[in-house]
1. Once the dipole of region 53-142 is set up with Lys and Arg at +1 and Asp and Glu at -1 on Cβ about the Cα centre, which of I134, V103, S121 lies farthest towards its positive end?
2. So, for region 30-131, what is the accessible surface per residue at a probe of 1.4 Å, expressed in square angstrom?
3. Per q in 0.10, 0.14, 0.15, 0.24 Å⁻¹, report the Debye log10 I(q)/I(0) for region 22-129, using one uniform scatterer on each alpha carbon and no solvent.
4. Amide H of A71 versus every other amide H placed in the peptide plane: which residues, excluding those fewer than 5 positions away on the same chain, fall under 5 Å?
5. How many times 2.2 N^0.38 Å is the alpha carbon radius of gyration of region 20-80?
6. Taking a threshold of 24 Å on the Cα-Cα distance, which of the pairs K170/K190; K111/K177; K88/K184; K61/K189 fall above it?
7. Any chance you could list P(r) for region 51-191, counting all Cα-Cα pairs in 10 angstrom bins from zero, rounded to whole %?
Amino acid sequence: YEIVFGDWSSDVGSSDLLEYTRRIANAERLDLAATAIAAAPSVYIFGLGNSHAVAVDLMHKLMRLGIHATAFTDSHMQAIAAAHACDKDVIFAISHSGSSRDVVDAAELAKSRGARIISLSNIGRSPLADMADIQLETASRETQYRIVALASRIAQYTIIDTLYTLIAMKQLDKANKSFRTIEKALANKKY
């Protein structure tokens, strides 16, 4: 399919943006992020708008690994959570542009309280990436139909899935125990 980027157009598929994201992904930063998340007593995930679904997906995956995680997808709740963050907590802030004022402000407040900040934004400088302790990046060019924002979300999910896999591999015994516990808890939810 054809997607128009600014003044030029190109045939771009999901595999192209995933390859672009793979090429710019920083393995050291991904490992640092996985280690920080696995060690944190609490992980607060901030995401608004299009990043809402990605934040909830990360929370779901971390909880399956036995990690205490909460997604805050309301700007007021992000501010409240940030005000209670401490130096052992991790804030995972998601914003494709890296310029979502509410997400950046909440992350800055949490950082002032000693929390470690991990950002997930598109490649390049942004207020969120500039203030984060660990910067994770995607590489997607949004279409002229930005309201859909499919490309950025696919790239963000790819990073989230990579983190999930890294954390599970780092804590294989704990992850397996957590998976068994969850399967028992969910057994009566199916016919």
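1. I134
2. Details: 4150 Å² over 102 residues.
Accessible area per residue, region 30-131: 41 Å².
3. -0.24, -0.48, -0.55, -1.46
4. I45
5. Working: Rg = 12.8 Å, N = 61, 2.2 N^0.38 = 10.5 Å.
That works out to 1.22 for region 20-80.
6. On the way: K170/K190 30 Å; K111/K177 32 Å; K88/K184 31 Å; K61/K189 18 Å.
The answer is K170/K190; K111/K177; K88/K184.
7. 12, 37, 33, 15, 2
The values are calculated or read from the model by the stated rules, or taken from the named source; none is laboratory data. Since the model is a prediction, treat every value here as computed from it, not as a measurement. So basically every Cβ, Gly included, is an ideal-geometry build from the backbone, and we count neighbours across all protein chains shown. Note: areas computed on protein heavy atoms with side chains; ligands, DNA, RNA excluded. Shrake-Rupley method; radii C 1.70, N 1.55, O 1.52, S 1.80 Å.
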